[in-house]
Amino acid sequence: MDPIYLIIVIILLGLAALDLVVGVANDAVNFLNSSIGSKVAPLWVILTVASVGVIIGTMFSSGMMEIARSGVFYPEKFTFPAIMMLFLAVMLTDIILLDLFNTFGLPTSTTVSLVFELLGAAVAIALFSVGTSGSGEHIGEFINSGKALAIIGGIFISIAIAFLAGSIIMYISRLIFSFNYNKVFKYLGAVWGGIALTAITYFAIFKGLKGSVLVSTDMLHYLEYNMATALLYTFVGWTLFMGILQHLFRVKILKVIVLTGTAALAMAFAGNDLVNFIGVFMAGYDSFNIAQEVAATGGDISQLHMGRLSEPVVASIWWLLGAGVIMVLALWFSKKSRSVTETEVNLARKGDGVERFSSSPLSRSMVRSSLNLSKSIDKIMPVSVKEFIDRRFEPVKLENSASFDLIRASVNLTIAALLISLGTSLKLPLSTTYVTFMVAMGSSLADRAWGRESAVYRINGVLTVVAGWLLTALVAFTASMLVGLFLMWGGKIAVAVMVLLVIFILFKSGRLHTKLKSKEQQQQQILSSEQQLVTSCNDEVHLMLDKTLFIYRSIVKGLKEEDRKVVKKAMGEAYGLYEKFKDKRDYEVVPTLESIQMNALDLEQEYVQLVDYSYEITKSLKAISEVTFRYIDNNHTAFSEEQIDDLKVMYKILSEAFIVYEKMEKSDDYSQFSLIVNMREAILDLNPKLTKRQIKRVKAGESTTRSSILFLNLVNESKIITLQSSNLMKSHRNFKEQYTKSISSRGGNSLLDTYSTVTDFAKLRG
């Protein structure tokens, strides 16, 4: 046997391990969302509970891998070499696709991706086989299309049913308990716990353990035929148990419900979705063993058709346990898993904050329509009813700054468990990811978590995720088909190329994810003390002045030397600076003012102005760098020496002003601040002179139209940069003086001493 097949099996094993990591990163949100969002316990407790659920689910897994072996295609139609390429194409595509979703923090269905990757690869291999053999067979003879259609139907069923169920049940639950639920929960808590845990138990048995090698089918059949009785006994038992815990032992049973639901969902995930990650490898491994047996007897494996894959084979418990260990490790250490979970929690959270998604025309239209509908309902609704409903939805401050309370967390888990269990019993291919996500979104809508300040962003976020789901099937099918054709065409070389490509993509996506998370952390930065505020303002003013000079100098140099790289670098710096201060203005200023109780309006006003002036400077820097780069990139006529000299004069005065201000900063002496004002006036006086000089050059035919437009644009934006820089330095001076007064009035240290201490501390840490 050609050693390439052993190499492919080894590659499949490595890819399966990676697939477990990226798969858990995507699917962990299904069982972590409610616990993390409600902060039911410390993160290590939540992860421990989920890990136990994963291990139990793995050990109770059915180990049946039919979906990867024969669920989408007919294996008897494929030869051994062809089917090994098919499995390899699926695994390569699956890792790239899931990692892409994980990088951007978007949850998707691993089942949908796997099915359509199998379908795409099978079509590719079938096309290649039919095309090269000339047997006259049709593609439809190779493919089990019914499975794919069932999955597509399941997508729409999952989305619609889950969202409606989550919305309705959450609305009713909130009317019963309100946000201040402790009083009502004393009387109804045990019953609520009984209902929730009965649903979770039903889910754990019939979704999580159905088909397990460790649970007898007779027992499951008995329970199925006596379902009503079993559920009644389960409800009574759980209700009594919850009542004892609540009233005798003073246990917060909502926490018990949420943690139990987390463990049940984790168990079901490991028990049922394991095939999505290791099923293809197991199929490839079994195919290799079958081929070895045939080769040992002298058979021709190139003509060996893989009909034996249709036979039911149960995976070894050791393979399943090994997969479970990898999943647990990924659960604890995967940063991308946190990103996917944060996306869902962010969309479902109560209150304002940093929004991950922008608005869209569709989301704005939907919010506008909802507001109009709400107004119409209010007109016909009795006032007493409206007042009663409003009282039930009066928000309270959540413990530990949680995104939502334990009532909503328990609703999310209960409804998701019920819907998935119901879908399983009715043989509907509901997606666990789709159900849990849409239930969470429906409950957040019904819970009035999407207020007028956030609704357009939340709705657009949901629409983005749903659009990603609909694209998953198409992208998975297309990508897998292309990879399959490439592997069949390129053979061993194509295998090596694709493996290297996967490694490269994983490396680049890891760096991109780190960059995206860094940006999010900057957006979410809220200064919590006066010292932090002073240090931040000082550092950012210095950064702004330094970057302004660097960008301006690079633009002049780039124009003089027609150096595209220099200007491109400057444009990148300008864009990064713009994004930084745009996010700071949008996401940091107001939360910072709310968190720091300085009781000094003048100081706070200067802080707001500092941010605003910095933002205006970055807009101009971004504008001039973009137009300059576009000019050079299009290979337009070079600037004349006179034009370059004019810009240099502007730059020289601006740099001198910045140098003078830095000297004032170091000495903490602003008595000569009038020098800054004089330099500003010098640049402002220079502006019309430079404009007139350029007009003369135009009239003399010494300048092209495009160079004239760019020069005038640069002069005008330089005027804005000068004005805003002067305002920035003045405001920073006032800010420091106001802070000194504030400290002195409280008998504190001088500003210089404070700043020195803060700076030293920052250096020590950094």
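Data overview
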| item | result |
| --- | --- |
| Only listed residue being assigned by TED's automatic domain parsing to the domain that holds I10 and out of contact with any Ser or Thr (no Cβ under 9 Å at 6 or more places or on another chain), chosen from W332, W318 | W318 |
| Members of segment 448-463 that are at pLDDT 85 or above, within 11 Å of S370 (Cβ to Cβ) and surrounded by fewer than 22 Cβ atoms within 10 Å (Cβ to Cβ) | A455 |
| Residues that are of a type in the set (V, I, T) and over 20 Å from the mean Cα position of the chain (by Cα), drawn from segment 304-361 | V313, V314, I317, V325, I326, V328 |
| Where a residue in segment 393-412 is in the same structural domain as K183 (by TED's automatic domain parsing) and its partner, wherever it lies, is surrounded by fewer than 19 Cβ atoms within 10 Å (Cβ to Cβ) and among the aliphatic types (A, V, I, L, M), with Cβ under 8 Å and at least six apart | F404/L398; D405/L398 |
| Pairs where the first residue, in segment 291-315, is more than 28 Å from L274 (Cα to Cα) and the second is small (G, A, S) and part of a helix (DSSP H, G or I), C-beta under 8 Å, 6+ apart | I301/A291; I301/A295; L304/A291 |
| Qualifying residue in segment 498-517 (condition: surrounded by 13 or more Cβ atoms within 10 Å (Cβ to Cβ), charged (D, E, K, R), more than 26 Å from the chain's Cα centre (by Cα) and modelled with pLDDT under 90) | no |
| Residue in segment 595-610 that is more than 20 Å from H732 (Cβ to Cβ) and within 27 Å of the chain's Cα centre (by Cα) present | yes |
| Helices (runs of 4 or more DSSP H) (entirely within segment 308-382) containing at least 2 residues that are within 30 Å of L593 (Cβ to Cβ) | 335-348, 361-380 |
| Residue match in segment 390-399 (condition: in contact with an Asp or Glu (Cβ under 9 Å, 6 or more places away or on another chain), surrounded by fewer than 23 Cβ atoms within 10 Å (Cβ to Cβ), basic (K, R) and part of a helix (DSSP H, G or I)) | no |
| Candidate set from segment 657-672 (those that are outside any helix (DSSP H, G or I) and surrounded by fewer than 18 Cβ atoms within 10 Å (Cβ to Cβ)); member that is nearest to the chain's Cα centre (by Cα) | D668 |
| Single residue of V21, V45, V29 found to be within 25 Å of L329 (Cα to Cα) and in contact with a Pro (Cβ under 7 Å, 6 or more places away or on another chain) | V29 |
| Entirely in segment 150-253, the helices (runs of 4 or more DSSP H) that have 1 or more residues that are outside the structural domain of S316 (by TED's automatic domain parsing) and modelled with pLDDT under 90 | none |
| Test for V280: is it closer than 20 Å to T436 by Cβ and buried (at least 24 other Cβ atoms within 10 Å of the Cβ) | no |
| Residues of segment 32-53 that turn out to be without any contact (Cβ under 8 Å) to a residue 40 or more places away in the chain and either outside any helix (DSSP H, G or I) or buried (at least 22 other Cβ atoms within 10 Å of the Cβ) (or both), as a count | 1 |
| Selected residue (criterion: nearest to Y74 (Cα to Cα)) from residues of segment 293-307 that are assigned to a helix (DSSP H, G or I) and β-branched (V, I, T) | I301 |
| In segment 66-122, the residues that are within 28 Å of the chain's Cα centre (by Cα) and β-branched (V, I, T) | V90, T93, I95, I96, T103, T108, T110, T111, V112, V115 |
| Scope segment 448-489; condition without any contact (Cβ under 8 Å) to a residue 40 or more places away in the chain and not in a helix (DSSP H, G or I); matching residues | W450 |
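So that you can scan it fast, the table gives a plain yes or no per residue for (1) modelled with pLDDT of 90 or more; (2) in contact with a Gly (Cβ under 6 Å, 6 or more places away or on another chain); (3) β-branched (V, I, T):
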| position | (1), (2), (3) |
| --- | --- |
| E606 | no, no, no |
| K622 | yes, no, no |
| V627 | yes, no, yes |
| F639 | yes, no, no |
| E665 | no, no, no |
| F673 | no, no, no |
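The values are calculated or read from the model by the stated rules, or taken from the named source; none is laboratory data. Remember, predicted model here, so these are calculated numbers, not experimental data. Neighbour counts run over all protein chains shown; Cβ positions are idealised from the backbone, glycine included.
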